[in-house]
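What follows is one structure encoded as structure tokens, with my remarks underneath.
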Amino acid sequence: MVDAGQPPPPGAPGSPTGPQPEAAPAGTPVPPPAAQFAGAPPPWPPPAYSPYASPPFPPVPPARRSRVWLWVLLGSAAFFVFVLATFAFVYLTMGSEGGTTTAFSGFGDRIGVVDLDGVIITPSLVVRDLKRFAEDDSVKAIVLHINTPGGGVAATEEIYREVRRIQAEKKKKVVASVETVGASGGYYVASGCSKIFANNGSIVGSIGVIAEWVNYGDLLRWAKLKAVTMKAGALKDAGSPTRDLTPEERVYFQGLLDDMHGQFIRAVAEGRRLNPDDIKKLADGRVWTGEQALPLHLVDQVGDFQAAVYDTARSVGIRGEPTLVRPPRERRGLLDLAFGDSSEWLPDGAKLLESHVGFYYLWK
């Protein structure tokens, strides 16, 4: 019996002179020594020869490149081109709505429609549209579609004068159709037309002038601020919002208002072919409904926009359904076409009027 502590005798298996165990082929994992399983954890990370190591795998061939993203990009580009073309088409034809066409698009006898909408700040756009239709021989008459409480004195007068000029020089009829409101400056313009249509519930009239502003002098004094004004001329700073009006300034402003009021009365009397004294009795700033205004001769007929169009068409000899033509709309940028109208974010015209002293044919 061989002692476990003694080396094996010569010739025995495992001795230097005895038969040796066959070598394991290359790549065969060698089992760890028995000592590693005597409660000791295996080394980590395991060596290359450890049985805990992952077995080698054959190299994975490169996958075939997918063309999904290429088709996505091509589809997105085609969709963008389609949307852009749609916007361009709408942009070029946006004036065509409600059975009407844009200006200078078609032939035959037509009726031009010009919208006077919102507070009258500037006369340029409305006057421009009126002139275009006045010069267009295919437009036999113009319907001024009014929905405004009025606005600036001078701006209102310019539109009124253009309406009168077209009828006097071009011999072309201009008819007013009041929608919801045709008051103050809106009625000033309407009175220059050859005929006024209004709905039963339309608001018309308000023949008067107004000037108002905010006096914040007390606020300045509360904040211990002082307004400094240097002037040459006793009335140069009349109407300053930092102080109260003097008696002299009140007389001065009232004289301006009275003069503009007289101009308003004379313009209505001239346009309506009435006696100025009769208009003066009604010129206290109040408004009437269309139904109330009819017996006062402030309107000619109770009727809506379509009634005004058909009546105007018959008066100029247009038979059947009249063709309406509107001016081309204001061009907008690409951002407006892509994201919608941004006008709702712009300051309101009525609020702008209140930022400084001015005189207005405005119903409030």
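The values are calculated or read from the model by the stated rules, or taken from the named source; none is laboratory data. Keep in mind the model is a prediction, meaning the values are calculated, not measured. All Cβ positions, even for glycine, are placed from backbone atoms using ideal geometry, and neighbour counts span all protein chains on display.
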Residues (surrounded by 12 or more Cβ atoms within 10 Å (Cβ to Cβ) and either at pLDDT 90 or above or over 35 Å from the mean Cα position of the chain (by Cα) (or both)) located in region 226-239: ALA227, LEU235, ASP237, ALA238
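Is there a residue being in contact with a strand residue (DSSP E or B) (Cβ under 7 Å, 6 or more places away or on another chain), surrounded by fewer than 23 Cβ atoms within 10 Å (Cβ to Cβ) and at pLDDT 95 or above anywhere in region 257-269?
Within region 257-269, none of the residues are in contact with a strand residue (DSSP E or B) (Cβ under 7 Å, 6 or more places away or on another chain), surrounded by fewer than 23 Cβ atoms within 10 Å (Cβ to Cβ) and at pLDDT 95 or above.
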Taking the stated definitions as given, is ASP115 part of a loop (DSSP other than H, G, I, E, B) and at negative phi? no
Residues located in region 154-191, provided they are in contact with a helix residue (DSSP H, G or I) (Cβ under 6 Å, 6 or more places away or on another chain) and either at pLDDT below 95 or under 22 Å from LEU296 (Cα atoms) (or both): TYR160, LYS170, VAL174, VAL175, ALA176, SER177, GLY182, GLY185, TYR188, VAL189, SER191
Within region 243-252, restricting to residues that are of a type outside the set (A, V, I, L, M) and part of a helix (DSSP H, G or I), the one that is surrounded by the fewest Cβ atoms within 10 Å (Cβ to Cβ) is PRO247
Inside region 153-242, counting only helices (runs of 4 or more DSSP H) that do not spill past its ends, which hold 1 or more residues that are closer than 17 Å to VAL113 by Cβ? 153-169, 185-190
Under 19 Å from the mean Cα position of the chain (by Cα) and modelled with pLDDT of 75 or more - does that describe any residue in region 73-92? no
Quick one: count up the residues across region 131-158 that are crowded, with 24+ Cβ neighbours inside 10 Å and under 14 Å from ALA190 (Cβ atoms). 9
